[in-house]
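To keep things clear, I will list the structure first and then write my remarks on it.
The values are calculated or read from the model by the stated rules, or taken from the named source; none is laboratory data. None of the values given here were measured: they were computed from a predicted structure. Note: ideal-geometry Cβ built from the backbone for every residue, glycine included; neighbour counts use all protein chains shown.
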Amino acid sequence: MIDITKLLENSKGLDGWRMTEKATASYELFFVHKQLETVRATDTVDTSVTVYVDHDGKKGDSTFAVFQSMTKADAEKKIATAAARARLVFNEPYALPDADTLNAELPTNMKDADPKTLGRRIADAVFAADTVEGGSINACEIFLYRDTLRVRNSRGVDKTQRLWRVMIEAIPTYTTEKESVELYEDHRFTFFDPAKVTAEIAARMREVRDRSLAVKPAPMTVNVLLRPLEIYLLLCDLADDLHYATVYSHANLHKVGDDLQEGGDGDKLTFSLKSVLAGCERSTYFDADGCALRDTCLVRDGVVADNFGSSRYGQYLGVKEPSGELPFCVSAAPGTLRKEEAEKEPYLECASLSGLQVDLYNDYIGGEIRLAYYFDGEKRIPVTGISMSARLSEVLAHLRLSDSVCLDGAYEGPDRLLMRGVSVL
């Protein structure tokens, strides 16, 4: 492969460049029921180059892909074309990250594992959950990845990081004489814990059984408990509103100092975005520009504490030390809600939603519930075919957060969030 960095350095008319290389080696297993049908190994490299041109008091950029089959002439033509396109882009000026180097590995316990052995152990952990009578795991796909990401630029940035990660896709199924019900399970991690994998799949096996038994309840107004995935999605929506780019474009609803829980009587909300979260495949030491990342507390005790975003938009806003484009690795502080307190009133615990819907501008939170458990004070009843809706401002003002915490994918924090007085239809 040609040395494209030399061509970039010698190209006239450029005021900067950035090159990103992502190499991924994978080992993949495909099961039908418990029978291993296919094993596949892949090794890919994706390379892209962004060129920058300063013109007319503005900064333009353009990106192109680099292929191993490229000749020197091909690459020179791509660079020239990208430079011409960059002159048609009129962004406000900003500086690229300064010289910095890094060669690091993200935390994992799978670095030295043999892929074949590890893949088999993961499969054993998945199928150990297949214990529900009438249930089965119809299909399972296991993907083991080793990613190597390198970012370089014209100002001396040269950073490399390696990440080991696993993705499991499984189809838990429950079959009766009348019907067959399936759920899709997507489980990702960078630390392999066999017991945790088994517990996660086992929970989905029970839920697919319960969904086949679920009934549609009468309309009600009730307390609703959200699980980690939905808590994560809610906090991500709040975080989106606090991005530098959102603030710069005047599209943000909240600003630093605003009280998101004004007049409230619930637990105070505190959460941060982190660059590295144990077990989270989104973890990264630097962003796409090669900028070092700074963990940032966005909301503290219910009050907006900070914004976050890329160096470019941070510069536009005059931020002295931009956070960098943090991944959505969310860390939230626990609250005071104990299980015994939650059970003093009936509640609906959401197990599966079609997707949590949050609209900050219309003060709305809701969603279609595929499976939930209604606790009537004595027993838990599986229910389905319903939807919920509430005013987001009221939810935030009166929310309760569990005192028990969990680590689930890209989220660490309370494992339950209680919303009061939600309409369920």
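Some notes on this structure:
- Any hit, the range 263-271, residues being outside the structural domain of V151 (by TED's automatic domain parsing), crowded, with 19+ Cβ neighbours inside 10 Å and out of contact with any helix residue (DSSP H, G or I) (no Cβ under 9 Å at 6 or more places or on another chain): yes
- In the range 303-381, counting only strands (runs of 3 or more DSSP E) that sit wholly within it, the ones holding 3 or more residues that are farther than 24 Å from G263 by Cα, touching a Ser or Thr at 6+ places or on another chain (Cβ under 8 Å) and assigned by TED's automatic domain parsing to the domain that holds G279 span 329-332, 364-375.
Conditions (1) surrounded by fewer than 19 Cβ atoms within 10 Å (Cβ to Cβ); (2) at pLDDT below 95; (3) within 18 Å of L235 (Cα to Cα), marked per residue:
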position	(1), (2), (3)
L337	no, no, no
V358	no, no, yes
D363	yes, no, yes
Y374	no, no, no
I381	yes, no, no
I386	no, no, no
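Let's see how each residue does on (1) of a type in the set (G, A, S); (2) touching a residue at least 40 places away in the same chain (Cβ under 8 Å); (3) assigned by TED's automatic domain parsing to the domain that holds Q315; (4) under 24 Å from F286 (Cα atoms):
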residue: E92; (1), (2), (3), (4): no, yes, no, yes
residue: A104; (1), (2), (3), (4): yes, yes, no, yes
residue: D114; (1), (2), (3), (4): no, no, no, no
residue: V151; (1), (2), (3), (4): no, yes, no, yes
residue: T160; (1), (2), (3), (4): no, yes, no, yes
residue: E182; (1), (2), (3), (4): no, yes, no, no
residue: D186; (1), (2), (3), (4): no, no, no, no
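- Condition met for V256 (without any contact (Cβ under 8 Å) to a residue 60 or more places away in the chain, in contact with a strand residue (DSSP E or B) (Cβ under 8 Å, 6 or more places away or on another chain) and assigned to a loop (DSSP other than H, G, I, E, B)): yes
- Strands (runs of 3 or more DSSP E) wholly inside the range 2-102 containing at least 1 residues that are closer than 27 Å to A245 by Cβ and more than 34 Å from the chain's Cα centre (by Cα): 35-55
- The residues in the range 16-37 that are farther than 20 Å from R165 by Cα and surrounded by fewer than 16 Cβ atoms within 10 Å (Cβ to Cβ) can be counted, and the count is 6.
- Yes/no for A292 being among the small types (G, A, S), in contact (Cβ under 8 Å) with a residue 12 or more places away in the chain, buried (at least 22 other Cβ atoms within 10 Å of the Cβ) and touching a Lys or Arg at 6+ places or on another chain (Cβ under 9 Å): no
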